[in-house]
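Novice: Shown below is the structure under consideration.
Bear in mind these aren't lab numbers, they're just calculated from the coordinates by the rules spelled out. Keep in mind that what you see is a predicted model, and the values were worked out from it rather than measured. Cβ placement follows ideal geometry from the backbone for every residue including glycine, while neighbour counts extend to all protein chains displayed.
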Amino acid sequence: MSEAQRPDYRTLLEHLGAAPFVLGGRDGRWRLLRVAWPFADIAIAAALREGSPSEYAMRFECTGYPSGVTGRLWDMEEDAPLRVARWPGGKSRVPAVFRADWKGGSCLYLPCDRVTIEGHENWRTQHRSMCWSRSRGIVSYLEVVSELLTSKDYTGVRGA
């Protein structure tokens, strides 16, 4: 089956073209970098901090979409996972989410991540607003990360 025939691929493209994603892009919160199935690379804007980037790229693995995605920080120039020294840093919430010790840094410690939610069933009620929504799709994940990277908790890149 070609990717164009895959229902998960077609649904992802529909969500990337729908108003919630487009409006977030228009507002400067995120931007689509590329889709190379089963991955979608999206840059998410970060608050301006000295010595830190204005955005972080994330690679989302989208097989089975819209059932969920798993995302990790990505270095677009190297086309490889972002080195931990270049990850976002913070006071409490940001480092609790961007954890190199969680699954080897292959996903974020968030209720909206399909890998992380496994074994954290209580999060579905305790953190309902941060859980994955099939109808909202990838925007539900992007909004959580965007809020973290623009919060007062975010202090800039770890290695700065």
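Novice: For the list (1) touching an Asp or Glu at 6+ places or on another chain (Cβ under 9 Å); (2) under 30 Å from residue 152 (Cβ atoms), I need the number of the one condition that residue 96 fails.
Specialist: Evaluating residue 96 over (1) touching an Asp or Glu at 6+ places or on another chain (Cβ under 9 Å); (2) under 30 Å from residue 152 (Cβ atoms) leaves (1) as the failure.
Novice: May I ask you to say which residue of 93, 124, 86 is within 22 Å of residue 24 (Cβ to Cβ) and of a type in the set (D, E, K, R)?
Specialist: Just one listed residue meets the conditions, 93.
Novice: For residue 133, state whether it is buried (at least 21 other Cβ atoms within 10 Å of the Cβ) and under 30 Å from residue 10 (Cβ atoms).
Specialist: When the stated conditions are applied, residue 133 does not pass them.
Novice: May I ask you to list the residues in segment 117-147 that are over 11 Å from the mean Cα position of the chain (by Cα), in contact (Cβ under 8 Å) with a residue 40 or more places away in the chain and under 21 Å from residue 94 (Cβ atoms)?
Specialist: Matches in segment 117-147: 117, 132.
Novice: Let me ask you something else. Could you tell me which numbered condition residue 156 fails, if it satisfies all but one of (1) more than 24 Å from residue 9 (Cβ to Cβ); (2) within 12 Å of the chain's Cα centre (by Cα); (3) crowded, with 18+ Cβ neighbours inside 10 Å?
Specialist: (2)
Novice: Now a separate question. Name the pairs whose Cβ atoms lie under 7 Å apart, with the first residue in segment 20-38 and free of Cβ contacts under 8 Å to residues at least 24 places away in the same chain, the second of a type in the set (D, E, K, R) and outside any loop (DSSP other than H, G, I, E, B), and 6 or more positions between them or separate chains?
Specialist: Close Cβ pairs satisfying both conditions: 25/31; 34/41.
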